[in-house]
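Note sheet for the following structure.
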Amino acid sequence: MAGLDFTNASIHLMITHHIGNKMKEGTVMLTDDLTAVDEEDTMHFAKTYFLQKFKPYNIQQFHHSTDIELNEVYSMVKTIFNDQLKFIPTSKDLAHLLFAKTEHPMIKDGEMSVVYFNDINLDGELFDAIGIFKSESNTPFLQMLENQGKYSMQHDFGYPINSLDKGCLIFNTEEETGYNVLAIDNTNGPSEAIFWVKQFLKLAPIDDDYNNTHSFLQATKHFVSDNLAGKASFGKKDEIDLLDKTMDYFKTHDSFEKKDFAEVVLQTPELIETFEEFDRSIPSSMALKDNFDISNQAVKTQSKIYKSILKLDKNFHVYIHGDRSKIQRGVDEEGRKFYKIYFDTEM
């Protein structure tokens with residue numbers, strides 16, 4: 001599957017350290033052993049927590065003004081990729097480096113997890129990846145416990161599965177230019193954002209035509225599947241229509257301008273507003289460019305996953321290549337859904 005797919009991904013190694021705020025006299029608490037996960041369900045939830053927020057757009061790379069080897073996180077990650085036996089000691093080096101960057105009182109303390117993943121699918125290829133995550137939002141939750149027909153209530157603290165605070169996913173590819181990296185930072189304050197992406201990771205976007213084109217096409221596909229799919233007023237044919245219009249725009253234009261795209265492709269005020277809300281929801285570290293030159297190679301690559309396929313239960317796949325006005329959706333008197341297809345010639 002093209003894009004970003006975690007279906008077959010697995011956690012190979014994981015370790016957790018506590019990172020305090022040195023501006024508040026906090027300390028680093030290092031562990032010597034891998035983080036224990038006793039149950040299969042817990043491992044599933046951990047994988048979901050670490051990975052679900054990442055989207056396959058705005059790939060960045062580690063950066064240094066003179067020599068990429070002087071980027072400390074890059075060098076430590078490279079050490080792990082080259083020798084997994086150095087996973088634990090190198091994770092401690094990463095913890096010390098992260099602690100050294102906590103130079104603002106607003107930065108929260110929390111747990112830093114370093115995770116080695118196998119078999120993450122990025123654009124149809126399987127990669128090992130190293131994730132570095134910082135969990136800060138430790139919130140209370142209630143438990144209802146039943147014992148012999150009686151209930152008791154107690155509370156505990158934990159990290160919500162849908163609320164990863166900071167993270168990055170480093171794919172074992174493009175080593176010479178700084179690896180391909182996806183980053184997340186859900187804090188709003190500028191000091192905290194600078195701390196994670198700029199001061200600790202030292203990332204820079206791959207600001208070229210190919211990456212900008214690839215990122216926007218991927219984002220639009222996710223916009224359709226995450227924000228529009230399933231809405232009563234927006235059927236499957238409408239999804240296909242919007243994706244086709246998007247691909248037509250990129251095939252027929254030399255440059256992209258977000259306002260022009262909204263007018264030509266999205267058209268309706270309601271759809272434009274929904275897309276703008278989606279655009280604003282993207283973390284600043286993954287933000288889409290407002291304008292760029294379109295890469296024909298990226299369009300060609302993405303066209304393979306922008307297929308106009310109408311999937312009906314497990315019975316039919318209808319491929320739509322042209323005039324979408326020749327297919328109509330309806331419901332019969334018994335409540336069964338149907339599509340009516342008009343054609344001139346049977347080929």
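Dividing the helix sum by the residues of the chain, where each DSSP H run of 4 or more adds -39500 (n - 2.57), gives a mean residue ellipticity at 222 nm of -8500 deg cm²/dmol. Local charge for Leu288 was computed over the other residues whose Cβ lies under 11 Å away, with Lys and Arg +1 and Asp and Glu -1, and equals +2. A cut-off of 5 Å between modelled amide H atoms, ignoring neighbours fewer than 5 places along the same chain, links Gly26 with Asn21. Name the most mobile residue of Ser225, Ser65, Ser113, meaning the one with the largest mean-square fluctuation, in a Gaussian network model of the chain with Cα contacts below 10 Å. It is Ser65. Taking amide hydrogens as placed 1.01 Å from N in the peptide plane, the amide H of Gly3 sits under 5 Å from those of Asp123, Gly124, each at least 5 positions away in sequence or on another chain. With respect to the chain, whose longest principal axis is taken over its alpha-carbon atoms, helix 269-281 is tilted by about 20°. Based on C-alpha pairs under 8 angstrom that are at least 6 apart in sequence, the stretch 70-175 has a relative contact order of 21 percent.
Between the entries [x] 55, 46, 41; [y] 74, 68, 37; [z] 53, 51, 43, the label attached to Cα extents along the principal axes in Å calculated for this structure is [y]. Using the average count of surrounding beta-carbon atoms within 10 Å as a protection proxy, the listed peptides 78-90, 123-135, 209-221 rank, highest first, as 209-221, 123-135, 78-90. For the chain, the relative contact order works out to 18 percent when only alpha carbon pairs closer than 8 Å and six or more residues apart are counted. Taking the C-alpha atoms only, the angle from helix 72-82 to the longest principal axis of the chain is near 80 degrees. Packing, as the average of other Cβ atoms within 10 Å across residues, places the peptides 53-60, 164-171, 257-264, 245-252 in the order 164-171, 53-60, 245-252, 257-264, highest first. Over the chain, with a Gaussian network built from C-alpha contacts below 10 Å, which listed residue (Gln143, Gln52, Gln297) shows the highest mean-square fluctuation? Of the options given, Gln143 has the highest mean-square fluctuation. Here is the link list: Lys251/Lys289; Lys47/Lys231; Lys92/Lys166. Which ones come out longer than 24 Å on Cα distance? Going by Cα-Cα distance, Lys47/Lys231 fall outside the 24 Å limit.
All of the numbers you see were taken from the coordinates with simple rules; none came from a lab. These numbers come from a predicted model, not from an experiment. For neighbour counting, all protein chains shown are included, and Cβ atoms are generated from backbone atoms with ideal geometry for every residue, glycine included.
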